[in-house]
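Notes follow once the structure below has been shown.
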Amino acid sequence: MLLPNIYSFRLVTRQTLESTLLPARLGSEHGTRTPERAATTDADKRTFLKLAGVAGLGVIASTVIPRQAQGYVLGSAPTSGVVGVKNASNTRVNPATEESLQEIIAGQEVEKKTATLASSGTVHTPGSGKKLRVYSTRFSMTADLTSVAFRFGAGGTNHELYLAPKTGGLYGSNNHPNYVEGGVDEVLYCVISGSASVQVNIDYAEV
């Protein structure tokens, strides 16, 4: 720091020097705000105000939203700790669980069957009053054949037809999760054109 002087040289006392330099030094050591420090302080204030605003919103939300989410039934007013959904008739229904799904598919489990035919004939006959759902059909034979076809009922329309299948080959279709379905009391019938022993494997359900 320069002392104000209109002369080239000036003799000053120690007391004058200390009274001039000391306040400036103390100001720099004890918090005089420089432009850089002022910018940092302002940024800190803005960050604090943002955090305070978020905390305030959290307090407001906690007073509006129920403390237990299970207090709601979708499509209805809050209830006493019951979780559920309602159908179009505004009736509460139980959501699907592993147990309820097992109950749904009970009686409709996919079964397997193997049948060996030396000529055209029935692969499977459903129970009385039942329809047959076929999910997959596979077959192999002991000799080359002209064709092999599958239909519901001996006089029905083919839903699968294989031309010139060869011995040693494995033929068929896998329709999972879809299926082909016959009518009530209609058998699954295999039409064999040629002379060979045909082994048929099916995945099916009776409904």
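Just so you know, all these numbers are worked out from the coordinates, no wet-lab data involved. None of the values given here were measured: they were computed from a predicted structure. Every residue, glycine as well, gets a Cβ built from its backbone with ideal geometry; the counts of neighbours run over all protein chains shown.
The protection proxy used here, the mean number of other Cβ atoms lying within 10 Å of each residue, ranks peptides 161-169, 187-195 as follows, highest first: 187-195, 161-169. Distance between the 7 Å Cα→Cβ label points at Glu206 and Asp144: 4.0 nm.
Amide H contacts of Ser136 (H built 1.01 Å from N, in plane; Pro and chain starts excluded): Asn175, Asp203 sit under 5 Å, all sequence-distant by 5 or more or on other chains.
Between Asn178 and Ser193, the contour length at 0.36 nm per residue exceeds the Cα-Cα span by 2.6 nm.
If R0 is taken as 25 Å, the Cβ-Cβ distance between Lys130 and Leu161 corresponds to a FRET efficiency of 0.50.
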